[in-house]
Structure formats: C-alpha cells, structure tokens
Amino acid sequence: MSPQLIVVGAGLFGLTVAREAAERHGLHVLVLDRRSHLGGNAWSEADPETGIEVHRYGPHFFHTNNERVWTYLNRFTAFTPFSYRGQSNHRGEIFPLPVNLATINQFYRAAMSPDEARARLREEASMYQGGPATNFEDKAISLIGRPLYEAFFKGYTTKQWQTDLRLLPAETLTRLPIRYTYDNRWFNDKYQAQPADGYAAWMRSMADHPRIEVRLGVDFLSPTAEVNRGVVGRVPVVYTGPVDEYFGDAEGRLSWRTLDFHTEVHPTGDFQGTAIVNYADVEVPWTRIVEYRHVHPERDYPADRTVTVKEFSRFADTPGDEPYYPVNAVEDRARLTRYRARMEAEPLVWFGGRLGTYQYLDMHMAVAAALSLMDNKLSPYLQTQTV
Ligand code: FAD
C-alpha cells in the first residue's frame with residue numbers, strides 16, 4: 001500500500017509523529033532512516049564483550065516535568081527510576097556537580113551553611129569589575145566569582161566549545177544550576193528514569209504498529225534512494241534531518257559540535273563508582289568518562305569487567321561527522337532565518353526535531369514538539385483531506 005505520510009528520521013520526533021498519524025488518523029506511514037537502526041541519537045545496544053548497555057551516541061538520561069509526555073511514553077516502555085548525579089575531577093580531586101553546597105564547602109575547605117555559602121559567593125562575585133555581563137565568562141564571574149568559575153566552568157566549557165568564553169552567550173550558563181543544598185541531581189524534573197529494557201526496546205515498541213512501515217538505510221536526500229524527495233508535493237512529508245542539507249546548503253552550512261568516543265573494557269567490576277565523571281581541567285583532553293554499568297545498578301552485569309567511554313568534543317567539520325550540539329553562532333542564526341523562509345515555502349513538508357529545526361532538544365522536548373506538531377499543524381491539515 002502506498003504511504004499516506006512519509007516521516008524522514010526514526011528518532012524520537014519522527015517515531016512520535018508516525019505513531020500519532022497511524023493511531024489518530026489511521027494513516028499508512030512510511031518511516032525512513034539513513035542509519036541502520038531506529039531511535040536516532042537515543043539508540044543503545046549491548047556491548048558485545050560485557051553485555052552492558054551502551055548508548056551509541058553519548059549517555060541519555062530521560063527526565064521531564066511534562067505529564068502528557070510521561071503518560072504517553074509509559075505506553076511504550078516501563079521506566080526504572082534513575083537520577084543522574086554529576087562528579088567533576090579538578091586537579092586530581094573529585095567534587096560533586098552541579099555546583100552545590102558540598103562542592104562549595106569542599107572547594108573552600110569549609111562547613112558553611114546555605115546562607116554563609118551565599119554570602120561567600122556574593123563576596124567573590126562582588127570583585128567582578130566589568131560592565132553588564134553579556135557573555136558566558138562575565139556572567140559566571142559576576143554570579144559565583146572567579147575561583148569557582150575557573151575550577152569548574154572555564155576549562156570544561158572551553159573544551160566543550162573550543163571558543164573564547166567571552167564570545168559565548170551568557171544564557172549558556174543558566175543551564176547549570178547552582179544549589180545551596182547537598183542535592184547533586186543534575187535535573188530538577190519530577191520524572192527522572194531510564195527505560196527498563198533499554199532504549200532499543202522502547203524505540204521498537206513505538207514503531208510496532210500495523211500501519212507503520214520502517215525502512216532503514218534509506219537516505220531521503222539521495223537521488224538514487226528507493227523513496228526520495230521526488231515525492232515532495234505529492235505525499236505529505238515530515239522531515240527531521242538537517243535543514244541545511246535538505247536545501248543543498250543553499251544558505252550556507254549550519255555549524256555543529258560533534259563528539260569522538262573512545263571505548264575501553266577494563267578488567268574490574270567498577271572503574272569510577274558512578275555513571276559520569278567530568279574532567280574540568282583544560283590540560284585533560286577528554287571532557288568526561290561515562291561508565292555505563294552505573295546507569296542500571298539493578299541489572300546483573302559481570303562483576304569482573306566494565307565498559308567506559310571517553311568523550312572528546314570538536315567541531316563537526318569533516319564529511320560524515322555526526323551533528324550533536326548546534327553552535328548557534330551569529331552567522332548560524334542569520335542562516336537559520338533564511339532557511340525558515342524556505343521551509344515555509346516548501347509544499348506539504350513539515351520540518352521538525354533537533355536537526356530539522358537546528359536546536360538542542362532533550363528527548364522529552366522532542367516528543368512534546370512532535371505531539372504539538374500533530375495537534376496544531378498536521379492533524380488540522382489531515383482533517384481537511386479525504387484519505
Ligand atoms: P535524532 O535523534 O537526531 O533523529 C534524527 C534521525 O533522522 C536520525 O536517526 C538520522 O539518521 C535521520 N536522518 C537525518 N537525515 C536523514 C535523511 N536524509 N534520510 C533519512 N534519515 C535521515 N536527551 C535527553 O533527554 N537526555 C539526555 O541525557 C540526552 N543526552 C544527549 C547526549 C548527546 C551527546 C546528544 C547529542 C543528545 C542528547 N539528548 C539527550 C538529546 C536526544 O538525543 C534528542 O532529544 C533526540 O535525539 C532528538 O530526537 P530527534 O528525532 O529530533 O533527532
């Protein structure tokens with residue numbers, strides 16, 4: 001049966017749209033992905049040597065405050081409660097992250113109360129002499145003072161973005177909360193959990209519907225693909241691939257950061273005692289080490305082997321590099337504005353997801369955005385059609 005909707009990209013955005021179109025509207029949906037697996041960047045698989053579930057594109061921790069998204073996703077997977085708690089290695093000493101009362105007290109070798117710690121950081125911050133804090137570095141120093149900034153933010157963020165931190169927008173900092181309690185959960189959200197049977201099982205369950213067909217290894221933008229952009233204008237398309245690629249880079253390439261992963265198996269049952277340790281100092285080339293066994297402490301993993309993955313961050317500037325984090329420089333924003341005008345003019349194509357809209361989306365945000373595209377755009381359109 002010929003498809004009534006084509007979804008390009010089997011990530012969480014594409015799978016949510018496909019499922020909704022099949023269930024709400026009874027459409028036959030064809031989902032294409034150029035990779036060999038479902039789930040986009042949220043895909044995971046068992047490490048062949050140890051059986052430990054490793055997230056192929058970097059560690060994913062599900063979290064949300066959105067009741068609708070939480071209820072929706074619980075249809076496809078059970079979740080195991082899991083709160084990601086950070087640690088940072090600074091000059092060979094481990095501190096808890098995000099910066100909280102334990103970090104502050106350990107750093108200043110003190111036993112300050114919350115009020116005393118606030119006063120101490122206010123005092124450090126008052127030494128900031130610059131003008132309005134409009135960039136990352138000034139904002140950080142004006143909030144917490146130079147010592148904590150230099151210990152936990154400067155080196156790590158420099159490695160992450162490879163750019164002068166005075167050129168990064170101040171908003172980059174607001175993502176990392178500072179807490180005056182001993183709570184070092186990374187996220188504040190009500191629901192923080194991992195799919196009990198892994199990400200692969202969750203994604204397969206979303207795609208498992210009699211009216212959804214998935215074809216992997218198909219690049220929609222390739223002229224020789226079995227289904228490609230030749231269908232545009234005839235069949236409705238939801239496109240979640242990179243927007244610049246869709247338009248042949250006509251407005252220039254949008255810049256992204258990517259990650260290189262270095263996987264190691266160690267002959268021990270526990271390498272670092274926690275899922276993630278950040279490396280705060282610029283002299284250490286990797287940004288963090290992930291030890292995946294700690295994401296599922298409830299599982300029966302081998303007692304004598306463990307898998308770690310070191311992450312190295314760099315610009316995605318070589319063909320084949322995976323785009324991970326949008327750089328969002330001034331020139332990127334100007335290009336995006338021009339691409340948006342082109343998207344509006346594209347007949348019967350809806351752009352969505354992380355790559356299709358050039359914005360970082362957490363998993364719950366990708367699902368929420370897909371539900372909202374259905375509610376506000378696709379469903380109203382489909383109701384006007386006799387399908
Ligand atoms: P994607 O998952 O990128 O899926 C897009 C799909 O489109 C891909 O599979 C791609 O192959 C396919 N595609 C692209 N072009 C074409 C084409 N021409 N033809 C066919 N297919 C195409 N979120 C969290 O909630 N918690 C986390 O801890 C977390 N950690 C993350 C860590 C890293 C390193 C990264 C990069 C992301 C992380 N995320 C996390 C975000 C999460 O991965 C995204 O929210 C989610 O992947 C977005 O889904 P998506 O469907 O928009 O995009």
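Read the figures in this text as sums done on the coordinates, not as results from a lab. Owing to the predicted nature of the structure, the values given are computational and were not obtained by experimental measurement. As a convention, Cβ positions derive from the backbone with ideal geometry for all residues, glycine included, and neighbour counts pool all protein chains shown.
Some points to look at:
- Percent of Cα-Cα distances greater than 27 Å, calculated over the chain: 55
- Ala119-Tyr57 FRET efficiency (beta carbon distance; Förster radius 51 Å; 0.05 resolution): 0.75
- Exceedance of the 31 Å cut-off in Cα-Cα distance is limited, within the set Lys154/Lys310; Lys159/Lys377; Lys154/Lys377, to Lys159/Lys377; Lys154/Lys377.
- Bridging of Lys139 to aspartates and glutamates at a Cα separation below 12 Å is possible for Glu171, once same-chain residues fewer than 8 apart are set aside.
- With respect to the chain, whose longest principal axis is taken over its alpha-carbon atoms, helix 363-373 is tilted by about 40°.
- Gain in span if fully extended, Thr318 to Arg234, counting 0.36 nm per residue against the direct Cα distance: 26.8 nm
- Choice from Thr318, Thr263, Thr357 with maximal GNM fluctuation in the chain (Cα, 10 Å cutoff): Thr318
- In order along the stretch 105-119, the phi-based Karplus estimate (6.51 cos²θ - 1.76 cosθ + 1.60, θ = phi - 60°) of 3J(HN,Hα) comes to 5, 5, 5, 8, 6, 9, 10, 6, 7, x, 5, 5, 5, 4, 5 Hz; Gly and Pro are listed as x.
- Asp197 versus Leu167: modelled label distance in nm, points set 7 Å from Cα along the beta carbon direction: 4.8
- Sparsely packed trypsin sites (Lys or Arg not before Pro) within the stretch 278-387, loop by DSSP, other Cβ within 10 Å at most 13: Arg299
- Placed amide H near Leu97: partners under 5 Å, 5+ positions off or other chain: Gly86, Gln87, Ser88
- Maximal additional length on extending the Gln129-Glu346 stretch stands at 73.1 nm, based on 0.36 nm per residue less the C-alpha distance.
- Only Lys, Arg (+1) and Asp, Glu (-1) charged, at Cβ; the chain dipole about Cα centre in debye: 760
- Restricting the calculation to Cα atoms, every distinct pair contributes to the Kirkwood radius of the stretch 100-174, found to be 12.8 Å.
- Annotation for the stretch 173-280: GluC sites (Glu not before Pro) lying in DSSP loop with at most 16 further Cβ atoms inside 10 Å of their Cβ are Glu226.
- Packing-based exposure ordering (other Cβ within 10 Å, fewest first) of Asp138, Asp115, Asp244, Asp260: Asp115, Asp260, Asp138, Asp244
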